[in-house]
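A.B. asks: One structure coming up, written as structure tokens, with questions to follow.
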Amino acid sequence: LAADFFRHSGCGEAQRRGGQAVLSCLRAAPIARLWRAASAATAPPPGGGFLDQRTFASVVDGVEVPARPFELVASGALARVALLGGTNTDEGSGFVLPAVKRPLSAAAYTDYISKLTLRLEVPRANLSDVLAVYPPRPAADNAKLAAALATDFLFRCGTRHLARAMSSRGNRAY
């Protein structure tokens, strides 16, 4: 992912030299080029969709980010400040709706959710539980239902989990 980003930003050679060279190159690059590089580096392959897309996550470097955020919270190595967390109501829509063929039939929805949960490492045994909470509607477009599930799973649940974890460590969370 990083190599693709540097290549698309025009800083591939600087990245190979490392250190100050890559910092200088990135600082000199126009912001529009950096946005295009980020989009290109994370784009799904031709013909792919959301399920094929690369995602950004915390980069554990051992210095600035010494461990994954949830590991830091679990170990108590966190700042003693209040946490304000939140998500948008339809946050998953921007990821799901452009990636599915509409109308999304019940069968296509079930297939999509099966692939999504597999990609997100949800145990296969739990797929029926997911479909029980988010059951497809037989004669309807299920795209918004898929987006709602993505909103809850990708954004809302993680935000609530973090808030609970912070609270369990004595921090205020809202």
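The values are calculated or read from the model by the stated rules, or taken from the named source; none is laboratory data. Only a predicted model underlies this, so the values are computations on that prediction, with no experimental measurement involved. Every residue, glycine among them, receives a Cβ derived from its backbone with ideal geometry; neighbour counts consider all protein chains shown. With ligands, DNA and RNA removed, areas are computed over all heavy atoms of the protein, side chains included. Shrake-Rupley method; radii C 1.70, N 1.55, O 1.52, S 1.80 Å.
A.B. asks: Any residue in the stretch 159-174 that's farther than 19 Å from GLU91 by Cα: show its pairings with residues that are among the small types (Gly, Ala, Ser) and assigned to a strand (DSSP E or B) at Cβ separation under 9 Å, as long as the two are six or more apart or on different chains.
C.D. replies: ARG164/ALA173; ALA165/ALA173; MET166/ALA173; SER167/ALA173
A.B. asks: Step by step: first the residues of the stretch 70-95, then only those that are in contact with a helix residue (DSSP H, G or I) (Cβ under 7 Å, 6 or more places away or on another chain) and closer than 12 Å to LEU149 by Cα, then the one that is surrounded by the fewest Cβ atoms within 10 Å (Cβ to Cβ). Which residue is that?
C.D. replies: This residue is ASP90.
A.B. asks: Scan the stretch 96-107 for residues that are assigned to a helix (DSSP H, G or I) and surrounded by 15 or more Cβ atoms within 10 Å (Cβ to Cβ) and report the count.
C.D. replies: 4
Every residue, every condition in (1) touching a Leu at 6+ places or on another chain (Cβ under 7 Å); (2) basic (Lys, Arg); (3) open to solvent by less than 50 Å² (accessible area, probe 1.4 Å), yes or no:
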{"site": "ALA139", "(1), (2), (3)": "no, no, no"}
{"site": "LYS144", "(1), (2), (3)": "no, yes, no"}
{"site": "ALA148", "(1), (2), (3)": "no, no, yes"}
{"site": "LEU154", "(1), (2), (3)": "no, no, no"}
{"site": "THR159", "(1), (2), (3)": "no, no, yes"}
{"site": "ARG164", "(1), (2), (3)": "no, yes, no"}
{"site": "SER168", "(1), (2), (3)": "no, no, no"}
{"site": "ASN171", "(1), (2), (3)": "yes, no, yes"}
{"site": "TYR174", "(1), (2), (3)": "yes, no, no"}
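A.B. asks: If you don't mind, there's one more thing I want to ask. List pairs: first residue in the stretch 96-109 and within 16 Å of LEU149 (Cα to Cα), second residue modelled with pLDDT under 85 and open to solvent by 60 Å² or more (accessible area, probe 1.4 Å) anywhere in the structure, Cβ distance under 9 angstrom, at least six positions apart or on different chains.
C.D. replies: From the stretch 96-109, the pairs are ALA99/ASP52.
A.B. asks: THR87 - would you say it is modelled with pLDDT of 85 or more and either β-branched (Val, Ile, Thr) or assigned to a loop (DSSP other than H, G, I, E, B) (or both)?
C.D. replies: Criteria met by THR87.
A.B. asks: Condition first: β-branched (Val, Ile, Thr), more than 30 Å from ALA3 (Cα to Cα) and open to solvent by 60 Å² or more (accessible area, probe 1.4 Å). Can you find one or more residues in the stretch 108-124 that meet it?
C.D. replies: The answer is no; no qualifying residue exists.
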